[in-house]
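The values are calculated or read from the model by the stated rules, or taken from the named source; none is laboratory data. As the structure is a computational prediction, the values presented were derived from the model and not from experiment. Every residue, glycine among them, receives a Cβ derived from its backbone with ideal geometry; neighbour counts consider all protein chains shown. The accessibility values were calculated without ligands, DNA or RNA, using every heavy atom of the protein model including side chains. Shrake-Rupley method; radii C 1.70, N 1.55, O 1.52, S 1.80 Å.
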Amino acid sequence: QVQLVESGGGLVQPGGSLRLSCAASRSEFTILNKRWYRRVPGKQREMVASISTTGTTTYADSVKGRFTISRNNTENMWYLQMNSLKPDDTAVYYCNALTTQLESYWGQGTQVTVSP
């Protein structure tokens, strides 16, 4: 089992920045891939960014150049730095972990609202 806790969401004006954090509990399983997703009511969940064990990053086209995923392996945490935020970025953001057992774990979600 892996427990994930997100933090850092909130209300920000367009053009502003936020940094989301995800803290993973100790686990006997290595986390292969650390990801951020978001969900807007009425729409499908979208993968925003991911980072692999080798440090390879992937981003949704909608956030490329604005969002950056990073990690702190020592503390088993990962982050999503979000810059130049737009109203379309408003969503509940979830962190996700895929383990070496190919099990997927989710955090509880944190609300990000971009509004004047």
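Rounded to a whole number, what is D in µm²/s for the stretch 1-65 from Stokes-Einstein with the Kirkwood radius over alpha-carbon pairs (4 °C, 1.567 mPa s)? My calculation gives 93 µm²/s for D. Restriction of the trypsin sites (Lys or Arg not before Pro) in the stretch 26-114 to DSSP coil positions whose beta-carbon has at most 16 other beta-carbons within 10 angstrom yields ARG26, LYS43, ARG45, LYS64, ARG66. Computed from Cα atoms alone, the Kirkwood hydrodynamic radius reported for the stretch 34-74 is 11.1 Å.
Evaluated on the stretch 4-108, the Kirkwood hydrodynamic radius is 13.9 Å, with distances taken between all distinct Cα atoms. For the stretch 92-107, the residues whose amide N sits under 18 Å from a probe point set 7 Å from the Cα of GLN44 along the beta carbon direction are 92, 94. Couplings for the stretch 9-23, taken from phi via the Karplus curve 6.51 cos²θ - 1.76 cosθ + 1.60 with θ = phi - 60°, read x, x, 9, 9, 7, x, x, x, 10, 9, 10, 9, 10, 10, 10 Hz in order; Gly and Pro are left as x. Rounded to the nearest percent, how much of the accessible area of the chain (1.4 Å probe, protein heavy atoms only) is carbon and sulfur? The value for the chain is 46 percent carbon and sulfur by accessible area.
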